[in-house]
């Protein structure tokens, strides 16, 4: 037994020595890498290392945020309580009469009327005053925002371009002055109605304190709502990162993906203030876009094939989404033919009624954000090539299967718009597809399919569930209309099977070449090179196929 024990002990020691040697060998290999001998990159962002302290900080962030919110709310309640106690102990005097009597002259002595009625503000009354001040503050903010928004809507209806009304010297008369007037008028009117007779004793400093308490109460309500909804501080930088593409459309500065540091943020703020002062001095004669604040320009070289026609029609064009009010008017003089570019979207009802998403090559479901686009004719087709074939198979009386064979680039976007009253029940890619925004009376489904290698070959099967005409009529008008429809079918000699020939869905299949040799054609490159230096252009080639099955 001693021999076996000693053998096991030596075996364990040998295993531990082997593991130690392996670890030392790996560490020596890592330290011998040539990357460690290079000079450090000063301009590169510092990497993030996760250690035990970092993990603890990440784990404790949510409880710490909740604890901070609770502490802030407790301090707010303490402030309200102390102010109410102070208001109760504060002595204010009012005259005995609503209108003080005239001065009385007795023996050449002028006797002033005495204001000897002392009022003590109770806590309940002070709470009602604070609530009235809160209503006045809320109404003032709403009134100022409404006045500024009304001015912006008026400028939009008058057709004023962004380059006109975004100049600094126009911000005061067009936005700031209406906002201040609307805020003051709404707050004053609401204060007189909400506070009423109790406001007679709340004047001057105490009125300012009441408004301050109201602002703190609004902040406490917002903080409590955010804590109840579980919002974190990372939500704000996430909105900043996601909103750069849209916020920069109006000429705002593009932000980095990470949160700006304090020094850089202060330096950027100083530079922005300096530019604003220079623009004010120059009278706003400069353009609202610059190399630091470029205009976003999206340019997609598109081939559109309409399979609903016989034979299918093919069209080549450049699609420019209207991401701000100056698209594409700011490109006039730089791009040939942009003045006569055809607008498609909200104004072209015939085109939108015939094609889903107005026949535009959307890569993301942002139809509500970018409702219009402009088509510029192209002389040559894009390099992107997508082969798409679709066929319809009827499974039963209410379900039809759409088979879609795709061969093309790595990124393919399929937009499905079933007929009115129908829905996409199942797909081979997703068992439960999510419904997108409605397209008139139709439901829409946005499917983004990606493949690691090109050319990608994919097969999609879509099940469209269509309610029969009898069911739709029964749900709308009842059995009487259903019986009339049956008599009409018998008189015409057509059964319910005749509904198979009706259209069940519209499909938009687009292949996007985001990178590689097929991303930009020669004409596309020449067009991007002609754009002015104060633009930030981006785009790729798209092959779009439209089906009606």
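Could you tell me whether the range 513-535 includes any residue that is in a loop (DSSP other than H, G, I, E, B), at pLDDT 70 or above and more than 26 Å from residue 317 (Cα to Cα)? Lay out the reasoning, then the answer.
We begin by selecting, within the range 513-535, every residue in a loop (DSSP other than H, G, I, E, B); these are 514-521, 530-534.
Subsequent filtering for residues that are at pLDDT 70 or above retains 514-521, 530-534.
Among the residues that remain, those that are also more than 26 Å from residue 317 (Cα to Cα) are: none.
Checked the range 513-535: no residue is in a loop (DSSP other than H, G, I, E, B), at pLDDT 70 or above and more than 26 Å from residue 317 (Cα to Cα).
So in the range 175-198, with the set limited to residues that are in a helix (DSSP H, G or I) and at pLDDT below 80, which one is nearest to residue 145 (Cα to Cα)? Break it down into steps so the answer makes sense when it comes.
Let us first name the residues in the range 175-198 that are in a helix (DSSP H, G or I), namely 175-194, 196-198.
So of that shortlist, the ones also at pLDDT below 80 come out as 175, 192-194, 196-198.
Values: 175: 9, 192: 21, 193: 21, 194: 21, 196: 25, 197: 29, 198: 28 Å.
Selected residue: 175.
Could you tell me which of the residues 471, 482, 490 is surrounded by fewer than 12 Cβ atoms within 10 Å (Cβ to Cβ) and either assigned by TED's automatic domain parsing to the domain that holds residue 311 or modelled with pLDDT under 85 (or both)? Give the derivation first.
Numbers: 471 fails: surrounded by fewer than 12 Cβ atoms within 10 Å (Cβ to Cβ); 482 fails: surrounded by fewer than 12 Cβ atoms within 10 Å (Cβ to Cβ).
Checking each option against the conditions leaves just 490.
Quick one: which of 351, 315 is in the same structural domain as residue 528 (by TED's automatic domain parsing), modelled with pLDDT under 70 and outside any loop (DSSP other than H, G, I, E, B)? So that I can check it myself, show each step before the final result.
Working: 315 fails: modelled with pLDDT under 70.
Only one candidate passes the filter, namely 351.
Given the condition outside the structural domain of residue 549 (by TED's automatic domain parsing), under 16 Å from residue 536 (Cα atoms) and modelled with pLDDT under 75, answer yes or no: does some residue in the range 277-288 qualify?
Checking the range 277-288: at least one residue is outside the structural domain of residue 549 (by TED's automatic domain parsing), under 16 Å from residue 536 (Cα atoms) and modelled with pLDDT under 75.
If I filter the range 326-344 for residues that are assigned to a strand (DSSP E or B) and either modelled with pLDDT of 80 or more or under 24 Å from residue 445 (Cα atoms) (or both), do I get at least one hit? Step through it out loud before you land on a result.
Residues of the range 326-344 that are assigned to a strand (DSSP E or B), as a first pass: 342-344.
From the residues that got through so far, the ones that are either modelled with pLDDT of 80 or more or under 24 Å from residue 445 (Cα atoms) (or both) too are 344.
Yes, the range 326-344 has at least one match.
Would you pick out the residues in the range 401-412 that are under 27 Å from the mean Cα position of the chain (by Cα), assigned to a strand (DSSP E or B) and surrounded by fewer than 22 Cβ atoms within 10 Å (Cβ to Cβ)? First the steps, then the outcome.
Keep residues of the range 401-412 that are under 27 Å from the mean Cα position of the chain (by Cα), which gives 410-412.
The next check asks that each one be assigned to a strand (DSSP E or B); those that pass are 411-412.
The one that is under 27 Å from the mean Cα position of the chain (by Cα), assigned to a strand (DSSP E or B) and surrounded by fewer than 22 Cβ atoms within 10 Å (Cβ to Cβ): 411.
Give the residue, chosen from 507, 424, 447, 460, that is part of a strand (DSSP E or B), modelled with pLDDT of 55 or more and either surrounded by fewer than 13 Cβ atoms within 10 Å (Cβ to Cβ) or touching a helix residue (DSSP H, G or I) at 6+ places or on another chain (Cβ under 8 Å) (or both).
507
The values are calculated or read from the model by the stated rules, or taken from the named source; none is laboratory data. This structure is a prediction, so every number in the text was calculated from the model and none was measured. Don't worry about glycine lacking a Cβ; one is built from the backbone with ideal geometry, like all the others, and counts go over all protein chains shown.
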